[in-house]
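The values are calculated or read from the model by the stated rules, or taken from the named source; none is laboratory data. Since this is a predicted model, take the numbers as computed values, not measurements. Here the Cβ is made from the backbone with ideal geometry for all residues, glycine too, and neighbour counts use every protein chain on show. The protein model used for the area step is the full one, side chains on, heavy atoms only, and it has no ligands, DNA or RNA in it. Shrake-Rupley method; radii C 1.70, N 1.55, O 1.52, S 1.80 Å.
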Amino acid sequence: DLGRSGGRQFVDALLDSEPNQLGDAFRGTLYQQTRGHPLFTVELLRGMEERGDLVQDGEDRWVEGPSLDWETLPTRVEAVIAERIGRLPERLREALTVASIEGETFTAEVVAQVRAADEREVVGQLSGELGKRYRLVSGQGLLQMGGQRLSQYRFRHILFQKYLYSSLDEVERVHLHEQVGTALEGLYGAQKIATVAAIAPMAPQLARHFEEARIAEKAIHYLHQAGERALQLFAYQEAITHLTRALELLLDLPDSPERAQHELGLQLALGVAWMTTAAPAPEVEKAYTRARELCRQMGETSQLCRVLGGLSVFYFVRAEHQRARELAEEALSLAQSANDPLLQAQ
């Protein structure tokens, strides 16, 4: 009964109509992709079976294959979405295309800025025609940022967002990512409240936009912010992911004092993140050793003290006590030479 189907309950019931070993993570992602829409759910599963993303084990139970492709839309699903998007007037289709750059959840004010349109007009289009008439988006509420009110919306199905995004060529995506990133940067960063505090939660999203826009310097800056914030929240694996990606992007920049300074900050943060893993990881030694080289190149005494202290803790935890003591004494000697009471105390 398709009139009664839909939602997570439908997704679970459909999967359990055949023997399977598909866990909560797979079921949750499938629901996120389809929102329980019967055609989307059935066709997405059928496509994954045909591609070998889902396979049957020795007991004829469906299990996940070596890799899962959530990006490829089955032909019937793509045809349905294309038909619905094709009904839209051009102005609405363009607004949704800009929204797809930001993601499944997006901001009306960003769409308005990128399209150079009136904000009230865009809100009217999203809540009125696109929301109530075409049922392609839904309002998620308002976010107050200082004196700025931001209107949050979400695509009713993430597959609509993916279809619109995939319809853009590479050149269009690069330009739109830059425009969306710049608009978000302005909306979140130009508040009267402390800029870093305001924009830090947005750092991963901003990093993604500027990386897709091929603006490496800004992507590195926001990945560093995202890594530092993850450290503060004890999300160490997330911090490692952000900081490692920032270092990979940094390698493509020309050698300069500014690049060395950026790398030093990233290596120090990465050393702290790796230090929190269950066992003293060799990545700790690698990060701090590179940071030590950079400090000596740049004449950074205070940072060198931090690096030596971090290495000392690393070797102490590994029970290499003599080496740990030597590094700690070297750090203390540097602090005393700099006549810096704070460094001495550390």
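Pairs only if they're at least six apart or on different chains, beta carbon under 8 angstrom, first in the stretch 299-316 and closer than 11 Å to Leu334 by Cα, second of a type in the set (Asp, Glu) and part of a helix (DSSP H, G or I); list them, first residue then second.
Listed by first residue and then by second, the contacts come to Leu308/Glu330.
Take Val137 and tell me if it is open to solvent by less than 30 Å² (accessible area, probe 1.4 Å) and either among the acidic types (Asp, Glu) or over 30 Å from Leu45 (Cα atoms) (or both).
No.
Here is a list of conditions, (1) within 30 Å of the chain's Cα centre (by Cα); (2) at pLDDT below 90; (3) in a helix (DSSP H, G or I), and Leu342 meets all of them except one; can you say which number that is?
(1)
Ile85 - would you say it is over 21 Å from Ala183 (Cα atoms) and not polar (S, T, N, Q)?
So Ile85 passes the test.
Restricting to the stretch 104-123, and then to whatever is open to solvent by 50 Å² or more (accessible area, probe 1.4 Å) and among the polar types (S, T, N, Q), can you tell me which residue is farthest from Lys162 (Cα to Cα)?
Just the residues of the stretch 104-123 that are open to solvent by 50 Å² or more (accessible area, probe 1.4 Å), to begin with: 105, 113, 115-116, 118-121.
Now narrow it down to the ones that are among the polar types (S, T, N, Q): 105, 113.
Details: Thr105: 12, Gln113: 22 Å.
Within the stretch 104-123, the match that is farthest from Lys162 (Cα to Cα) is Gln113.
If you scan the stretch 143-157, which residues turn out to be assigned to a strand (DSSP E or B), out of contact with any Phe, Trp or Tyr (no Cβ under 9 Å at 6 or more places or on another chain) and within 19 Å of Ser100 (Cα to Cα)?
Within the stretch 143-157, just Ser151 meets the criteria.
From the residues in the stretch 226-241 that are open to solvent by less than 30 Å² (accessible area, probe 1.4 Å) and closer than 23 Å to His177 by Cα, which one is farthest from the chain's Cα centre (by Cα)?
Gly227
Which of (1) aliphatic (A, V, I, L, M); (2) under 21 Å from the mean Cα position of the chain (by Cα); (3) exposed (fewer than 14 other Cβ atoms within 10 Å of the Cβ) is the odd one out, the single condition Leu142 does not satisfy?
It fails just one condition, (2).
With the condition kept exactly as written, say whether any residue in the stretch 172-185 is surrounded by 17 or more Cβ atoms within 10 Å (Cβ to Cβ), at pLDDT below 85 and in a helix (DSSP H, G or I).
no
Could you pull out the residue among Leu250, Leu223 that is hydrophobic (A, V, I, L, M, F, W, C), within 23 Å of His175 (Cα to Cα) and either surrounded by fewer than 16 Cβ atoms within 10 Å (Cβ to Cβ) or more than 17 Å from the chain's Cα centre (by Cα) (or both)?
Answer to the selection: Leu250.
(1) more than 26 Å from Ala260 (Cβ to Cβ); (2) open to solvent by 50 Å² or more (accessible area, probe 1.4 Å): which one isn't true of Thr301, the others all being true?
(1) is the only condition that Thr301 fails.
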